Amino acid sequence: MVKKVVSGNYAAAYAAKHARVEVVAAYPITPQTSIIEKIAEFIANGESDIQYVPVESEHSAMAACIGASATGARAFTATSAQGLALMHEMLHWASGARLPIVMVDVNRAMAPPWSVWDDQTDSLAQRDTGWMQFYAENNQEVYDGVLMAFKVAEHKDVQLPAMIIESAFILSHTYAIVDMPPQEEIDEFLPPRKPLYTLTDFDNPIAVGALATPADYYEFRYKIAKAMEKAKEVIKEVGKEFGERFGRDYSQMIELYKTEDADIVFMGMGSLMGTVKEAVDVLRREGYKVGAAKVRWFRPFPSEELYELAKNVQGIAVLDRNFSFGQEGILFNEAKGVLYNTDAKPIMKDYIVGIGGRDFTVEDVKKIANDMLKIVESGKLDEEVDWFHLKR
Amino acid sequence: MAVRKPPITTREYWAPGHAACAGCGCAIVMRLATKAFSEAMEEKYGDPDAFAIAHATGCMEVVSAVFPYTAWKAPWIHVAFENAAAAASGVEAAWKKLGYKGKILAFAGDGGTADIGLQALSGMLERRHNVVYIMYDNEAYMNTGIQRSSSTPYGAWTTTSPPGKYSIGEDKPKKWVALIAAAHMVPYVATASIADPYDFYRKVKKAAKVDGPAFIQVQGTCVPGWRVPPEKSVEVARLAIETGVWPLFEIENGDFRNIKFQRFPKDGKFKKPIEEYLKLQGRFKHLLKNPEAIQQLKEQIKEMWKVLGKEVELP
Ligand SMILES: Cc1ncc(C[n+]2csc(CCOP(=O)(O)OP(=O)(O)O)c2C)c(N)n1
Ligand code: SF4
Ligand SMILES: [Mg+2]
């Protein structure tokens, strides 16, 4: 193992290099830029022979990745917020063509008002595009996530693109130790891609992106739905193998932290869960029976694991660094939906936190714990959605 | 005694307090362009304020409007990065429909124009919107920390075209959007420079007064992006003109056979070598050790002049 002190973005760039990515097509946007700058540097000093296409927009970045992936190459890109939104059309094209492209999205708030700070709405707004989504808590998970994502995405029964998501600045620009396994071991874990179909098959030329009438379109969609279901199994297998090889286990799509005897669980995604875990430790010392559930994979959604957790807790405080206008926090909405047809009925409340980079602290988690305790004890939910930081 | 009218209006639309770097050449573009535009509006419509601004994402947008402040003393809208021309088209359509007089001004950087915004620009020009589009060309994506654009000159260092053992820096010739704009056969296309403020001022006024779309590509220094000291900002832009790197011209109605040139040496021989321009700038530092690459750059510059119909000699 090599231990390097790197930012989340450099972790992503190293992971792309170590995954032996063949084509990168990308467009700069804050706070993603240092990912592609690092890759450009690898190429300039001969450390990597990635074909780098400095496209003229994100729409073209994804289109070029689609072209490269359809040709049989391992393709990678990275973007953020406005760039991801501009890619939106192409995201559907990538999943619809069943191409295992991997992308790092640096979560950033959508404009207007203009903002470059952390917020999950950019990636969650892409939840219906047929991409898998993995939310990293720290720089190590950014690195590991990229390596695993290729393996899952390229699995013959999955063949779907994947997004590894990290927080603006909190991860992208903050340095931490990242363990990087030796290249040979990575190569064993992630052998060269074996595409099922390519544009280089001249004996059986394929046509990508044809029209399907109502008689066929439906089945195409069903196949993607099935592949996403299958991806849950593959994610667990690959996460387990990763743990066996490299010592960090990812066999659970929801990481549980001190939930065994917890009455209340904080549930959320991404870097804010680091703060939550720290708060859980503090609260435990003070006698609170609380735990944390970090949703690593949001697509496919880990419904079964959520049910298992929800069966045994009294309250779930969902921490949403995102919002769906006209409804509620997106994780909250999905989690409630999953539990509706089950016998697990914990009281659930949605806390809208950290949007647009607003600080979210251990103190905040404590406040939420006390609020949630009151609710659980009284059995009365005051309001479903709490705009927690609002200046009042 | 009569008071002499100043050659450049004393009205200001670009207020101090914006957050551009000291020595920013593009801030000069903003200030001069809005002054010239207002003077044209006054002369043409009797109202110096008869305009609105549509602005693409980029340095000049970001430094000028951080809530709750704005540096703009004119109505201003920022929609996104890729579409200043489209947003301006919409403002102009409504402007006309609602019966306002005047013209719309659009600002975008080289990235916002030559790359991600090229499609929107072409649409705006082709549809003949009454908009003056000013591309302030600092020759890279500065707002995001100096990545290459298609307007980055050959050989330049940027963070996505770093020189190294296997790289000379940017390895493609500069794209000249002014020529692409002129191919739309619109009433007025020009290039300009912050080093010749009177020429720029005159061109903006002319652009503002024509009926229909106009396009100006103006070179503006970026202090950190070109790695120049702030006090050399204008000097380096002047050298770009004097060495033949930056042409000054006007093309009306796509008439490539009658291009008007400014500050062009009569004999076609530029007196100062481009090395004088390059050596002031850290972005070309590695190039000075690479005579072949400099020769390559010279050839490209000559080719560019040839497209403009001029045979030039570079020392
Ligand atoms: C769709 C989209 N992609 C990327 C960005 C990130 N971005 C903002 S400004 C900018 C570069 C601007 O470059 P340029 O137009 O040359 O203006 P400058 O900053 O150099 O003045 C980029 C890449 C964005 N805002 N939106
Ligand atoms: S980075 Fe460059 S373009 Fe941006 S404000 Fe500073 S000098 Fe001007
Ligand atoms: Mg620029």
Item to check | So A:Ser48, is it farther than 12 Å from A:Asp105 by Cα, of a type in the set (Gly, Ala, Ser) and touching a Lys or Arg at 6+ places or on another chain (Cβ under 6 Å) | outcome: yes
Next on the checklist: Looking at segment B:186-203, I want the residues that are of a type in the set (Ser, Thr, Tyr) and have a partner that is in a strand (DSSP E or B) and open to solvent by 10 Å² or more (accessible area, probe 1.4 Å) with Cβ atoms under 6 Å, at least 6 apart or on another chain. Which pairs are those?
Outcome noted: B:Tyr188/B:Glu252
Item to check | In segment B:46-67, residue nearest to the other protein chains (Cβ to nearest Cβ) [restricted to those that are surrounded by fewer than 18 Cβ atoms within 10 Å (Cβ to Cβ) and at pLDDT 95 or above] | outcome: B:Asp49
Item to check | Filtered residues of segment A:237-268 (kept if in a loop (DSSP other than H, G, I, E, B) and open to solvent by less than 40 Å² (accessible area, probe 1.4 Å)) | outcome: A:Tyr250, A:Ser251, A:Met253, A:Thr259, A:Ala262
Item to check | Failed condition for B:Ser167, given (1) more than 16 Å from ligand 1 (Cβ to nearest atom); (2) closer than 18 Å to B:Arg283 by Cβ; (3) buried (at least 23 other Cβ atoms within 10 Å of the Cβ) | outcome: (3)
Checklist entry - Within segment A:16-30, how many residues are open to solvent by less than 10 Å² (accessible area, probe 1.4 Å) and under 15 Å from A:Val6 (Cα atoms)? => result 1
Next on the checklist: Take A:Ala210 and tell me if it is outside any strand (DSSP E or B), of a type in the set (A, V, I, L, M), farther than 30 Å from A:Glu185 by Cα and at pLDDT below 95.
Outcome noted: yes
Checklist entry - Can you pull out the residues in segment A:123-146 that are in a helix (DSSP H, G or I) and surrounded by fewer than 24 Cβ atoms within 10 Å (Cβ to Cβ)? => result A:Arg127, A:Asp128, A:Thr129, A:Gln140
Checklist outcome for this item: Pairing a residue in segment A:104-123 that is more than 21 Å from B:Gly145 (Cβ to Cβ) and not assigned by TED's automatic domain parsing to the domain that holds A:Ala168 with any residue that is open to solvent by 10 Å² or more (accessible area, probe 1.4 Å) and modelled with pLDDT under 95, where Cβ atoms lie under 7 Å and the two sit 6 or more apart in sequence or on different chains, gives none
Item to check | Among the candidates A:Tyr222, A:Tyr217, A:Tyr257, residue that is hydroxyl-bearing (Ser, Thr, Tyr) and touching a residue at least 24 places away in the same chain (Cβ under 8 Å) | outcome: A:Tyr257
Checklist entry - Can you tell me how many residues in segment B:200-233 are within 16 Å of the chain's Cα centre (by Cα) and either within 16 Å of ligand 2 (Cβ to nearest atom) or within 14 Å of another protein chain (Cβ to nearest Cβ) (or both)? => result 10
Checklist entry - Residue check, A:Trp117 against (1) touching a Gly at 6+ places or on another chain (Cβ under 8 Å); (2) in a loop (DSSP other than H, G, I, E, B); (3) surrounded by fewer than 24 Cβ atoms within 10 Å (Cβ to Cβ); (4) within 11 Å of another protein chain (Cβ to nearest Cβ), all met but one. Which one? => result (4)
Next on the checklist: Could you tell me how many of the residues in segment A:31-59 are more than 9 Å from chain B (Cβ to nearest Cβ), free of Cβ contacts under 8 Å to residues at least 60 places away in the same chain and open to solvent by less than 30 Å² (accessible area, probe 1.4 Å)?
Outcome noted: 4
Checklist outcome for this item: Restricting segment B:133-159 to residues that are in contact with a Lys or Arg (Cβ under 7 Å, 6 or more places away or on another chain) and more than 16 Å from ligand 2 (Cβ to nearest atom), the one nearest to A:Ala13 (Cα to Cα) turns out to be B:Ser150
Checklist entry - Can you tell me which of B:Leu121, B:Leu125 is more than 15 Å from ligand 3 (Cβ to nearest atom), in a helix (DSSP H, G or I) and in contact (Cβ under 8 Å) with a residue 60 or more places away in the chain? => result B:Leu125
Checklist entry - Among the helices (runs of 4 or more DSSP H) confined wholly to segment B:213-312, which include 1 or more residues that are aliphatic (A, V, I, L, M) and within 19 Å of B:Gly25 (Cα to Cα)? => result B:223-226, B:233-242, B:274-279
Checklist entry - For segment B:227-238, does any single residue satisfy the condition of being over 26 Å from B:Lys266 (Cα atoms) and either among the aliphatic types (A, V, I, L, M) or open to solvent by less than 20 Å² (accessible area, probe 1.4 Å) (or both)? => result yes
Checklist entry - Somewhere in segment A:159-176, is a residue under 19 Å from A:Ile254 (Cβ atoms) and of a type in the set (Phe, Trp, Tyr)? => result no
Checklist entry - Does B:Glu82 qualify as being surrounded by 21 or more Cβ atoms within 10 Å (Cβ to Cβ), more than 16 Å from ligand 2 (Cβ to nearest atom) and over 19 Å from the mean Cα position of the chain (by Cα)? => result no
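The values are calculated or read from the model by the stated rules, or taken from the named source; none is laboratory data. Here the structure is a predicted model, which is why all the values come from computation and not from measurement. Glycine gets a Cβ as well: all are built from the backbone with ideal geometry, and neighbour counts include every protein chain shown. Surface areas here come from the heavy atoms of the whole protein model, side chains and all, with no ligands, DNA or RNA. Shrake-Rupley method; radii C 1.70, N 1.55, O 1.52, S 1.80 Å.
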